Amino acid sequence: MPKYRVVTPKGASFTVAGSDYSFEREALDPIDAEIIEAPADEAGFIAAAKTADAIYAKGIPITKTIIDSLQTCKVITLGSVGVDSVDVKAATARGIPVTNIPDTFIEEVADHAMMLLLAGFRRLVEQDRMVRSGRWAEGRPALLKVPRLMGQTLGFVSFGRVARAVAKRAAPFGLRMMAYDPFIQETLMYDHGVIPATLNEVLSQSDFVSMHAPARPEVHHMLTEKHFRQMKKGSIFINTGRGATVDEESLIKALQEGWIAHAALDVLEKEPPSHNNPLLGMENVTLTAHVASASARFDEARKRRVGYELSLVLQGMWPVSCVNPSVLQDTTLRRWQPVSMDRGPNS
Ligand SMILES: O=C(O)CC[C@@H](O)C(=O)O
């Protein structure tokens, strides 16, 4: 009989040991685990998960009700940076570590953010439509109104790993950069050629505002009407983080009434959006389908990383990336590496 039971909602893309189910990595023994695919409804999930040793949380919100029903769970793992699908507070109250994968798709998301910045700025979608619809001659006049990119200001709201990778890409374009992030040391900003600033300074001085606030309840609707009103008239808003960090109604109003020039968004408040979401019909909006992290290495890299975190905890060790590290102190898990206990939500 397998030693551990790992529960994952039906349809989560996991393949089981013997093929490419990656519960092993150098220095770790392969773990003897049974993978149980649970129904994705709350009651069905609880029935399967209550005596599980670990949960891979994908495709189902891991609510307080689910967490409170868990009797033997040692870890809840996530295959994303965002932890919005798990009630972390409830897990912390139960002493269950929650892990995420903040370092696996940084480069992909930063590429995507830079692409959205450039596409919005040089009106890529509009230009493409003009050429395809026989309006070749309209292309040049449209861009004659657009300033030169060099010397424009890029402002980051939150300066975590992805924002820092965007800063590395933006520097050679000659962008001036500033960032608001109360959890990140100013020296780290200076290291990236970025000036520390208040939120008001970032919003009111930037030609591009790149949103990177993490998916956490504390930053729900962090940007509201008041904030979009502070932004420059010609500015471009880019979001590759989470739609819920922005009050979308206010963003729509800002775009309709010309407080800002353009929004380039990979994430929306409701995904997929309903067909009557006004953003879908707006010319000054560039959209992608929450795909910033996707690349040919995505599935494999995610599986390996999730498996690694699960293996560590099930074999009695601290996980690498714990979003509620305070619980580790009270577990019997063995500390084997330096883990910062005071990291901010964007680290
Ligand atoms: O799971 C995905 O497909 C994307 C996850 C991404 O938004 C993240 O938070 O890492």
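The values are calculated or read from the model by the stated rules, or taken from the named source; none is laboratory data. This one's a predicted model, so the numbers in the text were calculated from it and none came from an experiment. Glycine gets a Cβ as well: all are built from the backbone with ideal geometry, and neighbour counts include every protein chain shown. Quick note on the areas: whole protein, heavy atoms, side chains included, nothing else; ligands and nucleic acids left out. Shrake-Rupley method; radii C 1.70, N 1.55, O 1.52, S 1.80 Å.
Could you tell me what a quarter of the Cα convex hull surface of the range 122-256 works out to, in nm² with one decimal place?
8.9
Full extension from residue 220 to residue 64: what is 0.36 nm times the residue separation minus their Cα-Cα distance, to one decimal in nm?
Result for the pair: 54.3 nm of gain on full extension.
Filter the trypsin sites (Lys or Arg not before Pro) in the range 139-234 down to the DSSP loop ones having no more than 12 other Cβ atoms within 10 Å, then list what survives.
Here the trypsin sites (Lys or Arg not before Pro) that fit, given the DSSP loop and packing criteria, are 145, 148, 233.
What shape does the range 213-288 take by its C-alpha gyration tensor, where a ≥ b ≥ c are the square roots of the eigenvalues and a/c under 1.5 counts as rounded, a/b above b/c as prolate, and the rest as oblate?
oblate
If one puts a single equal scatterer on every Cα of the chain and applies the Debye formula without solvent, what log₁₀ I(q)/I(0) results at q = 0.09 Å⁻¹?
Each listed q maps to, in turn, -0.54.
Using a probe radius of 1.4 Å on heavy atoms only, what accessible surface per residue do you get for the chain? Whole Å² is fine.
47
Please tell me the relative contact order of the chain in percent, rounded to the nearest whole number, where contacts are Cα pairs under 8 Å and at least six residues apart.
19
Starting from the Kirkwood radius over alpha-carbon pairs of the range 55-212, derive D by Stokes-Einstein at 25 °C in a medium of 0.890 mPa s and give it in µm² s⁻¹.
133
Heavy atoms only, probe 1.4 Å: what % of the accessible area of the chain goes to carbon and sulfur, would you let me know?
Exposed carbon and sulfur together represent 54 percent of the surface.
About its Cα centre, how strong a charge dipole does the chain have in debye, to the nearest 20, once Lys and Arg get +1 and Asp and Glu get -1 at the Cβ?
Here the size comes out at about 720 debye.
Please give the helix 106-121 orientation as an angle from the longest Cα principal axis of the chain, in degrees from 0 to 90, rounded to the nearest 10.
That works out to roughly 20 degrees.
Can you tell me the 0 to 90 degree angle between the C-alpha axis of helix 161-170 and the longest principal axis of the chain, rounded to 10?
Helix 161-170 sits roughly 30 degrees off the main axis of the chain.
Give the percent of DSSP beta bridges with both residues in the chain that are antiparallel, rounded to the nearest 5.
Antiparallel bridges: around 5 percent, rounded to the nearest 5.
Quick one, what does Rg over Rh come out to for the range 168-319 if you take C-alpha atoms and the Kirkwood Rh?
1.03
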